[in-house]
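Read the structure below first, then the notes.
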Amino acid sequence: MLISAIAVLLLGGFTTYYVNNKANNITHEKMISKVKKSISPKKLSKSEAKKINDEFYNHKIIKTGGESCFVGEYPSTFSKLINKSELVVVGEVVGLKSHVSGNFPYTTVSLRIDNVLRGDSKKLHRTIPIEIMGGNITRKEDAAAHNFKLSDDTNPNEIITLEFTRLPKAGEKMAVGLTKVPKGVNGTHGKSWSATYVEKSTFFQDFDGKYRRESEVPPTTDKDTRDLSGQKEDELMNNGMNDLINKSQYKKTN
């Protein structure tokens, strides 16, 4: 009777498995399921990337200025910049999704990790969410955030894209230093990450294959000359990131 009961339970379990998965071979299907977990998320095709970008950036883009404020002393060297991050990775943007919290827009960037430069190597070939300030928001919500009244000829439900720092595009590759974001911060619903020093920790792959931070226009000094210290720092950090990536790739091939 015990054997019969077990057989009935197993049969019921297998029957459910057949219905849910529409399979004809239990052993084979279990094997395939395990293999699927280890397969890297596929790379986006050009058409898939275009579809994501066309949908996300299908609104008026408004670039808004502002400087990032950092807690504590900003790192003076590349090694210090890297060591301040829990995770440093290179990956491809495979998804973009906006949400609004406190009348400010945020974008969740889905990044497929191709290389782990610092941190948990188990995240290799995984897709992680990165929160970036900026994204799609209605005129009404934007007005509420800045406490101003919309003109009568403005559609309050019109969607605009606010860009505080450069927003990535699907299919683009990034190298970024990341820090965990506590659940619930800025409307997050689960585990997510953010660039440790915002644009200072984010490097985009350029046309020549190298990774660079988004350059800012050098400010003018009191003597009507350009302050190039920011550009010099960008060059220092860019060289550091590309050297780190090259060393990591060299280790993989040797």
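How far, in nm, would the chain grow between HIS99 and GLU214 when pulled straight, counting 0.36 nm per residue and subtracting the alpha carbon separation? Walk me through the intermediate numbers first.
On the way: separation 115, 0.36 × 115 = 41.40 nm, distance 2.37 nm.
So the extension gain works out to 39.0 nm.
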Original post:
Top to bottom by accessible area (1.4 Å), largest first, where do HIS99, HIS146, HIS189 land?
Top reply: HIS189, HIS146, HIS99
Original post:
Just how much of SER45 is accessible, in Å², when a 1.4 Å probe is used and the result is rounded to the nearest 10?
Top reply: 50
Original post:
Any idea of ARG213's accessible area? Nearest 10 Å², probe 1.4 Å.
Top reply: 10
Original post:
Amide H to amide H, which residues 5 or more places from ARG118 or on other chains are under 5 Å from it, using H placed in the peptide plane?
Top reply: VAL88
Original post:
To the nearest 10 square angstrom, how much accessible area does LYS50 have with a 1.4 angstrom probe?
Top reply: 120
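Between HIS59 and PHE207, what's the calculated FRET efficiency when r is the beta-carbon distance and R0 is 22 Å? Round to 0.05. Numbers along the way, then the final one.
Numbers: r = 26 Å, r/R0 = 1.19.
The computed FRET efficiency comes out at 0.25.
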**OP:** Just tell me which aspartates and glutamates come within less than 19 Å, Cα to Cα, of LYS251; anything on the same chain fewer than 8 places away is out.
**Re:** ASP114, ASP120, ASP243
**OP:** Rounded to whole Hz and in sequence order, give me ³J(HN,Hα) for the stretch 110-123 from the Karplus expression 6.51 cos²θ - 1.76 cosθ + 1.60, θ = phi - 60°, writing x for Gly and Pro.
**Re:** 8, 10, 7, 7, 9, 7, 9, 8, 7, x, 6, 5, 5, 7
**OP:** Would you please give the residues with an amide H less than 5 Å from that of GLY95, counting only those at least 5 places away or on a separate chain, with H modeled from the backbone geometry?
**Re:** SER110
Subject >> Computed lengthening from LYS232 to ARG118, 0.36 nm per intervening residue step minus Cα-Cα distance >> reply: 38.6 nm
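The values are calculated or read from the model by the stated rules, or taken from the named source; none is laboratory data. Keep in mind that what you see is a predicted model, and the values were worked out from it rather than measured. Positions of Cβ are backbone-derived with ideal geometry, glycine not excepted, and every protein chain shown enters the neighbour counts. Only protein heavy atoms, including side chains, enter the accessible area calculation; ligands, DNA and RNA are left aside. Shrake-Rupley method; radii C 1.70, N 1.55, O 1.52, S 1.80 Å.
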